[in-house]
Amino acid sequence: MEPTTDFYQLIDALKADSANSLGLFMPEVTLCVFIALFLAVRLITTKLDLFWVALAGAVVGLISSNPLQLCSGAVESEEMFTGLLVHDGLTVAVRSILMLFLVLFLIFTKISGVPDKEDGADVYSLIFGSTLGMCLMTSANHLLIVFLAIEMAGVPSYVLAGLIKGRKRGSEAALKYAIYGAGAAGVMLYGISLLVGLAGTAHLPTMALQLAEIIPAAGLGEQAVLCLAAVMIAVGIAFKLSAVPFHFWAPDVFHGACAEVNAFLSVASKAAALALLLRLAVGLGSVPLNEVEIPQILEVQHESIMSEAAPTQLVSLEDQVADDKSAEPAVVEETADAPANDTEAEPAADDSDEEPVAEGAAEETIDDEAQAAALATRLAIKQAHDEALSPVRNFIGLLIAFFAVVTATFGNLAAYGQTNIKRLLAYSTIAHAGYMMMSIAPLMMTLGTDHAGAEQAASALIQYIVVYVFLNLGAFSIIAFLRNYVGSEEIEDYSGMVKSRPSLVICLALIFFSLVGLPPLSGFLGKFAIFASLADGYSDTGSMALLILLLAGGINTAISLFYYLGVIKTMIMGEPNEEHHLGDRPVGDMEMTYVILITIPTVFLIVCWQWVAGFADEAVKNFIS
Amino acid sequence: MDLIAVAWPYWHQFFFVLFAATAIGFGFGVLLSKNVVRMAFYLVLSLGSTAGLFFLAGAEFVGAMQLMIYVGGTMVLLIFGVMLTAQKDFINMDTHTQDWILATIVGGSLLMVLLFGAFGSEDWKTPQDITDAEVQATKEATPLGLALTGIRVDTLGESTDAVAEGKSGYLMPFIIVSIHLLVVLIGAAYMARTKKLSHATDDKSSRAKLMLFKMEHEEEQLEEEQYVVTHRAKSALNPLDSENED
Amino acid sequence: MLLIGTVSVSWYLAVGAVLFVLGAVCMATKRNLLGVLMGVELVLNGANMNFIAFGSKVLRPEGSLGLDGQLIALFVIVLAAAEAAVALAIALNFYNNHNTVDVDRANELNG
């Protein structure tokens, strides 16, 4: 067969693709520009407080990530940069959440006073660099990008953990984070290498296609390699999520780093890691519809049918497809001969429009029917692929379910007996990572069979992330402000705090109750969404694992109630500790305003919950095809 | 290599065994040596031998980069680190015996699993005969460079292959990695730079430093300077370093 | 068997696996911080060996990974260098504060 592309075609395709991709890549470009700007501004003047530049950058990033486009309908899924990234509702949603968090977080650091003016340029560059990595994590469509993004998000945060220099604990936290992080990244890279080697590609959708071909015929060795690769990749992501048993860094790093950095690590890093987990799980567990191409054999008949313009014969075409389904690997081999002209740079989403054109013979009058038939064919092929991938989905689902149960339970149990509020919140963060991972299990169980169920599970996760952003940012900001007043992060020193600083204590109590999941606070809504998806998944599939998850979730919620209550009880019922209340200063206006603003969503999100749920539903609409 | 290949059909095997043995041997050297300077030296040799294996597998460009960046750059960095921290006590450090035992057991079983995986797939296990023409055809520096600008010329002839679908140009990561390197540079400089009082390990001066941090940003809340000096000092440090004092 | 047959991809993978395990054990057992960082380099190198082996047209003319393997390996080398730079800076910072490079002394935060 003649080569179908030449060099100049490749260049033209690259130009078109890059121009298109850059338009969708604006938030990341904004971050890059502002990283450079931080350095440039400091060259010109040292007087300007870089906080304002950073805030401007975050706001521009938020605007350019354009979360409102989700309100006006679902975002089409399309690949960027020759298939390295993918832009869909999930990308838009999580990127917007990250940017919103960045704005709130920057204001918080300004109010709490860490970093100082002198360190500002460096620290804001690190924060932006890390956020850039997280944005890539949410849109990764290629295993190289997965690794690159994890490194980009991780390496600057190692430095952030040691933000305040000259402190022994800070440097120890940074060191532990860096060493464990490097180890986890190394293990993950090895897993990626095995997976890439087996599938022969690093591009996720193509990899899913290849796996669908390999798995039915896989021997013991290949299965072992696949499991090994999945477990090793899971280690890397579990580290990012601080899932048990790879959580050991979290309490130490949270204890050693300052509360500002903790807020960043516990919210942004978790949200991005969850989005990445979602992408990998769904990407490996199903073949996206627009990756499926019609095998040539079918296409010939397709053409002939079309030229006769006999819609009734479409039925026979579908029969043909059904026949081929049984001989599934054969179909995939035929795919090799399909006229894949723009394999290089054209976004695959265009395939559906181009196929009739590529065939050349399809009459315009029956264009619609041709497209409908092509769609039906591709759906059937996709189903066959997805069937072949069901062991992958089960394995990933059970692996994540296991991690989720262990993580939530361990996190909640270990939170008892913590005397330091930051350590307590570290374990609480671990437990919440467990809850959030729970939603991916029903997603994997229903993916490919029950479209609505899968979407519901993914949407529940997004809803939980939205809630969680405000909760943990609020909790850590109050801790940072209290540190500035009281000079302690030990829970016993918070004793009787309600008398001197009632507003902060009430807000913290609300946030803690919300973290437990008491109605009508926002935490309840998030938890309810996840448990509902678990229950629906169980009633659909009858999978025992989902029932266990549901029970574990319920029990954990009950367990977690008591340690949060313990802190609140100490603050409200305890005897005031005179030493720390010497010359009580009133809470500053800025602090007060910030804390109240950040607590408002916790209390009132229920009023506009429809909006959040709608946002999450739109976000996942084109993500699962 | 062609000349050798003509003269001696087993050249690939010979060099493979040579490089593999040195890479693994010096890898063990890194693991078993107590002396950190020797460890660094063994690591250089191990990484260099790995570069040899890269050449042998037909990845000349990556092999060259391995030599230049790893052996020439990263290793120099590590050796700087060794020199900066080279005090008598830290040159030789014994690993605890119980660590050795545990590590041997865990590492051994991990190695078994990985080796089983390495020989797991028939496709990987079966050697494939290569003709000289094919060896000739694998000069890949130009396609590699073009792929970094986003153009996959290696897909030109085989664009009908289903797998070509997954062959992406790497322009975006190539650019984004430069941003990453910039951020990392800033981070490393931030960490390594001696700021005022950053050498301080005693509590007094680090207290003062933290006070500076706080005072600058909360001037509006200052009631009286003396108050803040004492209060901040306590507030900033008590929770974190109180245990250090004993 | 190796010397009379042609070297297959698996043998390269075996070398990669050994390097990976050596690096992992190195990270786990070394008490000197710099030793731990050297372990990280070995681990990444082991993974890189896999990418090169899978992408090699010399070892496996029909292999489908092709150039991607080498490209990923290149990026890994760059990322490893970046990570090493930051880790070293953090290690020096630790040394400045604690006057030691013994990781066993990093025990003030007990998790």
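Observations on the model:
- Whenever a residue of the range A:36-62 is free of Cβ contacts under 8 Å to residues at least 24 places away in the same chain, its partners that are of a type in the set (A, V, I, L, M) and assigned to a helix (DSSP H, G or I), lying with C-beta atoms within less than 7 angstrom and at least six residues away or across chains, give the pairs A:L37/A:V53; A:L48/A:V41.
- Listed by first and then second residue, the pairs linking a residue in the range A:74-90 that is touching a residue at least 40 places away in the same chain (Cβ under 8 Å) to a residue that is of a type in the set (F, W, Y), with Cβ atoms under 6 Å apart and 6 or more places separating them unless they lie on different chains, are A:D88/A:F623; A:G89/A:F623; A:L90/A:F623.
- Just one of the listed residues (C:V40, C:V25) is modelled with pLDDT of 90 or more, farther than 22 Å from A:V225 by Cα and assigned to a helix (DSSP H, G or I), and it is C:V40.
- Residue count, the range B:50-60 (criterion: assigned to a helix (DSSP H, G or I) and facing chain C (nearest Cβ under 7 Å)): 3
- Residue match in the range A:202-220 (condition: polar (S, T, N, Q), assigned to a helix (DSSP H, G or I) and more than 7 Å from every other protein chain (Cβ to nearest Cβ)): yes
- Here the condition is being farther than 25 Å from B:F14 by Cα and assigned by TED's automatic domain parsing to the domain that holds B:K88; of B:T50, B:T74, it holds for B:T74 alone.
- Every residue from the range C:25-63 that is under 16 Å from A:L198 (Cβ atoms) and facing chain A (nearest Cβ under 8 Å): C:A47, C:N50, C:F51, C:A53, C:F54, C:G63
- As a summary of the residue check, A:R169 satisfies the conditions (1) touching a residue at least 12 places away in the same chain (Cβ under 8 Å); (2) within 26 Å of the chain's Cα centre (by Cα) except for the one numbered (2).
- Looking across the range B:12-32, the residues that are more than 9 Å from chain C (Cβ to nearest Cβ) and closer than 24 Å to C:V101 by Cα come down to B:F26, B:G29, B:L32.
- Qualifying residue in the range A:537-549 (condition: among the β-branched types (V, I, T), in a helix (DSSP H, G or I) and exposed (fewer than 15 other Cβ atoms within 10 Å of the Cβ)): no
- Residue, farthest from A:P115 (Cα to Cα), within the range A:171-186, restricted to residues that are more than 7 Å from chain C (Cβ to nearest Cβ) and surrounded by fewer than 24 Cβ atoms within 10 Å (Cβ to Cβ): A:A184
- Inside the range A:484-536, residues that are part of a helix (DSSP H, G or I) and among the acidic types (D, E) make up a count of 3.
- Residue list for the range A:201-228, filter: surrounded by fewer than 23 Cβ atoms within 10 Å (Cβ to Cβ) and either free of Cβ contacts under 8 Å to residues at least 40 places away in the same chain or β-branched (V, I, T) (or both): A:Q210, A:I214, A:I215, A:A218, A:G219, A:L220, A:G221, A:E222, A:Q223, A:A224, A:L228
- Counting only residues that are outside any helix (DSSP H, G or I), more than 7 Å from chain A (Cβ to nearest Cβ) and either more than 24 Å from the chain's Cα centre (by Cα) or polar (S, T, N, Q) (or both), the range C:64-110 holds 4 of them.
The values are calculated or read from the model by the stated rules, or taken from the named source; none is laboratory data. Just so you know, these numbers come straight off a predicted model, no measurement behind them. Heads up, the Cβs are rebuilt from the backbone with ideal geometry, glycines too, and the neighbour counts pull from every protein chain shown.
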